[in-house]
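Data first, discussion second: the structure below is written as structure tokens.
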Amino acid sequence: MTWLTLLLLGLVMLLVLLVVLQPDSKGMPPGPKGLPLIGNLFDLLWEDSPRYFNRMAEKYGPLYSLQLGLRRVVVINSSHWLTQAFVRQGDMFNHRPRGTVLSFIMGGKGIADAEDQVWRESRRFTLHVLRDFGMGKSSVEAYVNRELHDFLETTQKKVGQPYDVHYDLATSVLNIVWHMFVGERFTMGDKNLKWIVDSLEMSLTLVEQGGFLNYTPMLQFIGTFLKPKAFKVGANVKHRLDYFTQLIADHKNNLDNPDRPFDFMYEYLAEQRKQIEQGRKDIVFTDNQLKWLISDLFIVGLDTTVTTLRWCLLFLVRHPEIEEKLFQELDSVIGIDRHPTYEDRLRMPYTEAFINEVFRYGSITPLALHGNPEETTLNGFRIPKRSWIIGNIYGIHWDRNVWNDPENFRPERFIDKDGQLIRSENVVAFSVGRRNCLGESLARIETFQFLTGMLQKYKFGVPEGHPIPGLGCQCGVTLNPKPFDLLLTERSAKAG
Ligand code: HEM
């Protein structure tokens, strides 16, 4: 065979590949034209996906499509289209994309990555148990306040010295959900927990939800799993799952104890037993599913809220004038002699505006990744079966047409001329529709209680000789501020 024949053969094979693999984008929303087979994939090498998707929306509008590797991706960059897709057509767009690095690790189990019956039953059951805990009512505040109390005691020892609050905050936030889910709490400074938090954050940046590797089926495993931290993360995931397996075994041993406490895991195992006794064939309440479900709740219950509170502290440190306004409102509504309650927020519009602005600016979970099991239409455009539907939460929060100056941190944008709170449908930090955040009420209570509790006790500053912490962040599944040190100064009197 001559070189020429080989070359021709190569060209023919390339053409066949192009025809067979090139995704059919006929009738889909308009968008940037990319290269054959690769599409616009390489753009993601230079820019974080939420920012890139937002930039493309300035050119192609709030609903557009693009090809990333071999994936057909539809990007939603406005709250209007987010509602149309995830709420109005919520039954169609409630799947998750397959083939992501995350879905490889999670295999469709648990809740956040599950679909169909497993997802429906897990979500319904989890919501039901959370309601029994009094989610959205005052009883859940008791769990939050207990951890807040321990947190404030711990921070007391750090007054006057450079302090990275991250791990103590993580311990307290995790304890809130962990107490509810499995009846356990970690002690402050627990070495095992520090290791868990590190490994979790490492995995969340490793899988970078909207990043380059997710769209390259062949490269993603090589690319992801050859990263130096991948082995460490892999070992840590196993360690975490072994710990959950042990918890399940302990709960099973104690299930018939009439004095056992009330927690999510016991409720789940009791439901599992009931369904087995009823002889249900299609049972989804298995030990394996429970292990992944707990793992999901552990991850989402920890990282998102800690990140939110770290953004809050970052803005307090960067804007002493905003901190002062928050304290003035707090002092006039609550004072410093009693603990804040979640009800107090109704008389604290500036604090609510600050939290809204943190949710907008920080866009903690920048992308909501959905999929559609069947071909459908959206705004008259064809959406082929199993497209990736990306709700660009970050893009909605940073849309210049909506916010004018999205790059400025300005709680006042949520305050009207009478000093009242403006509620905006363009803040969608918890997403919308059938798959919206299941822990929204809890997260809102945690944020308000911790923020006001901390403000009541401390002024926040930058330690001498340290730079003012910047706004740069690490983009993984969540947008995380880089590590920074605080200086706590006690306010003169103490609450409670
Ligand atoms: C400020 C903190 C939080 C933010 C900003 C946040 C945001 C989100 C977002 C954007 C989603 C994806 C929604 C979608 O795909 O459309 C989500 C899903 C989820 N969140 Fe949260 N979340 C927070 C805290 C929590 C907490 C504390 C819990 C747990 C108790 C929780 C439980 C969940 C669960 C289980 C899902 C998956 C829902 C499903 O797939 O059906 N989240 N969250």
Legend entry - Note, ³J(HN,Hα) from phi for the stretch 473-480, Karplus 6.51, -1.76, 1.60, rounded to Hz, x at Gly and Pro: 9, 9, 9, x, 5, 10, 9, 10
Inset, instruction - Please compute the Cα-Cα pair-distance distribution of the chain with 10 Å bins starting at 0, giving whole percents from short to long. - result: 4, 18, 28, 26, 16, 6, 2, 1, 0
Inset, instruction - Compare the peptides 257-268, 304-315 by average per-residue count of other Cβ atoms within 10 angstrom and give them in order, highest first. - result: 304-315, 257-268
Legend entry - Added length on full extension, which subtracts the Cα-Cα distance from 0.36 nm per residue, D418 to T2: 141.5 nm
Inset, instruction - Indicate the helices, whole DSSP H runs only, in the chain that combine a mean Kyte-Doolittle hydropathy of -0.5 or more with a Cα extent along their long axis of 30 angstrom or more. - result: 287-318
Legend entry - Nearest-0.05 FRET efficiency for E343 and V159, computed from C-beta distance (R0 45 Å): 0.95
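Give K194/K252; K33/K482; K191/K457 a once-over and call out the pairs whose C-alpha atoms are over 30 Å from each other.
Result: K33/K482 exceed 30 Å.
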Legend entry - Cβ-based net charge around M92, under 15 Å, with every Lys or Arg adding one and every Asp or Glu removing one: +3
Inset, instruction - Taking the Cβ of each residue in K252, K274 as the centre, tally the other Cβ atoms inside 10 Å and list the residues starting with the fewest. - result: K274, K252
Legend entry - Charge tally in the Cβ shell below 14 Å around V333, where Lys, Arg are +1 and Asp, Glu are -1, V333 excluded: -2
Legend entry - Label-point separation, E440 to I276 (7 Å along Cα→Cβ), nm: 3.7
Inset, instruction - Treat each spin label as a single point 7 Å out from the Cα along the C-beta direction, and report the N379 to L11 distance in nm. - result: 4.1
Inset, instruction - Provide the packing ranking of 438-446, 481-489, 364-372, i.e. peptides ordered by the mean count of other C-beta atoms within 10 Å per residue, highest first. - result: 364-372, 438-446, 481-489
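Taken together, the values in this text are just the output of simple stated rules run on the coordinates, not laboratory data. Treat the numbers as computed from the prediction; the structure is a model and nothing was measured. Using ideal geometry, Cβ is built from the backbone for each residue, glycine included, and neighbour counts are taken over all protein chains shown.
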